[in-house]
Amino acid sequence: MTQLPTFSRKLLHPRYFLTWFGIGILYLLVLLPYPVIYHLGCNLGRLARHFMKRRVKVARRNLELCFPTMPAAEREALIKANFESVGMGLLETGMAWFWPDWRIRRWFTVSGLEHLEKAKARRQGILLIGMHFLTLELGARIYGMQDPGIGVYRPNDNALLDWLQTWGRLRSNKAMLDRNDLKGMIRALKQDETIWYAPDHDYGPKASVFAPFFAVTDAATTKGSYMLIRMANPAILPFVPRRLPHAKGYELIIMPDAQDIPIDDELMTAKRMNQLIEHAILLAPEQYMWLHRRFKTRPPDAPSLY
């Protein structure tokens, strides 16, 4: 297993004082009633949109590329709602890390548990396909309360945040694996574990094939899905943690086992996986992480899309 960070006295060094201050503010904010958190988060996101000009530009470009026929007014409304979700995402991270189980249960419902139960009954590993929604941290906590598994993550450059996010994620999961630990993931799946895996970001040319994603015909898509599915033969369950409007809480949607994914060709695997991701995104497009440069890796000699 990946060597996980642990708390040490080094994290009390003055270089981390500002980070500790931010963590303390986040902790205090998520003590507020959820309806207050909801309105605070949305307003924080609206404010951030005026300062995160570069990220607004990236989000707008991603939407232009993925939905070229979308009217401009609809696209701008989606960007506005997306940045409200950015503000909520920050507070939802604090909720995921600091809220007790009873408080989280009060604010979510689950649909599709029968798909999880069927996969468990077959006694096989589960490749839980998560997407980079802005509800990601809270969604992982909610799912882990139904089926504790193993998360896949990228270590944080800030040692204090690296420890804190690991501590928070382990509140409802068994372990964590570095996203580069493919052998560890395959071993866990063969032991009938659940692996939380997000295949929807750009991991560079060496780790990717170019497959269609919405209207982008050549999006860099990870090869990791192909290797995990081919080597471990898991159940494949996409899931979406969807925030409900008007401070009504959250719905965790567990989708049916995607048993039709081809495993004889990595490009065909990537195409089908992207179709599953597209379907999931359309369930809550305003909550997806559009501010990430999803299409920065291009085929040889192809011009930049940004």
Fill in: Among (1) surrounded by fewer than 20 Cβ atoms within 10 Å (Cβ to Cβ); (2) in contact with a Lys or Arg (Cβ under 7 Å, 6 or more places away or on another chain) - the single one Ala96 does not satisfy
(1)
Worksheet entry | Any chance Asp301 is over 19 Å from the mean Cα position of the chain (by Cα), at positive phi and not aromatic (Phe, Trp, Tyr) | yes
Item to complete: Identify the single condition in (1) more than 17 Å from the chain's Cα centre (by Cα); (2) open to solvent by 40 Å² or more (accessible area, probe 1.4 Å); (3) on the phi < 0 side of the Ramachandran plot that His246 does not satisfy, given that it satisfies every other one.
Response: (3)
Worksheet item: Could you say which residue among Leu78, Leu63, Leu90, Leu47 is open to solvent by 70 Å² or more (accessible area, probe 1.4 Å), over 24 Å from Thr166 (Cβ atoms) and hydrophobic (A, V, I, L, M, F, W, C)?
Response: Leu47
Item to complete: Go through region 98-188 and tell me which strands (runs of 3 or more DSSP E), entirely inside it, have 3 or more residues that are within 24 Å of Tyr288 (Cβ to Cβ).
Response: 108-111, 126-129, 150-153
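This table checks each residue for (1) under 29 Å from Thr297 (Cα atoms); (2) buried (at least 20 other Cβ atoms within 10 Å of the Cβ).
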site: Lys174; (1), (2): no, no
site: Leu189; (1), (2): no, yes
site: Ala207; (1), (2): yes, no
site: Val216; (1), (2): yes, no
site: Thr222; (1), (2): yes, yes
Item to complete: Could you tell me whether Ala96 is of a type in the set (A, V, I, L, M), within 23 Å of His201 (Cα to Cα) and out of contact with any Phe, Trp or Tyr (no Cβ under 9 Å at 6 or more places or on another chain)?
Response: yes
Practice prompt. Working only within region 1-31, note down all residues that are more than 18 Å from Trp167 (Cα to Cα), open to solvent by less than 100 Å² (accessible area, probe 1.4 Å) and either more than 25 Å from the chain's Cα centre (by Cα) or of a type in the set (Gly, Ala, Ser) (or both).
Written response: His13, Pro14
Practice prompt. Please go through region 269-285 and pick out each residue that is open to solvent by 60 Å² or more (accessible area, probe 1.4 Å) and either under 13 Å from Pro212 (Cβ atoms) or part of a helix (DSSP H, G or I) (or both).
Written response: Lys271, Gln275, His279
Worksheet item: Can you name the residue in region 1-22 that is of a type in the set (A, V, I, L, M) and within 17 Å of Leu170 (Cβ to Cβ) and, of all such residues, is modelled with the highest pLDDT?
Response: Leu11
Worksheet item: What strands (runs of 3 or more DSSP E) completely inside region 190-268 contain at least 2 residues that are within 19 Å of Leu127 (Cα to Cα)?
Response: 194-197, 216-222, 235-243, 250-254
Fill in: Single match in Glu84, Glu137 (criterion: over 30 Å from His13 (Cβ atoms), in contact (Cβ under 8 Å) with a residue 40 or more places away in the chain, open to solvent by less than 50 Å² (accessible area, probe 1.4 Å) and among the charged types (D, E, K, R))
Glu84
Worksheet item: Taking region 210-220, which residues are touching a Phe, Trp or Tyr at 6+ places or on another chain (Cβ under 7 Å) and either of a type outside the set (A, V, I, L, M, F, W, C) or under 15 Å from Asp265 (Cα atoms) (or both)?
Response: Asp218
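The values are calculated or read from the model by the stated rules, or taken from the named source; none is laboratory data. In this text, all values refer to a predicted model and were calculated from it rather than measured experimentally. For neighbour counting, all protein chains shown are included, and Cβ atoms are generated from backbone atoms with ideal geometry for every residue, glycine included. Note: areas computed on protein heavy atoms with side chains; ligands, DNA, RNA excluded. Shrake-Rupley method; radii C 1.70, N 1.55, O 1.52, S 1.80 Å.
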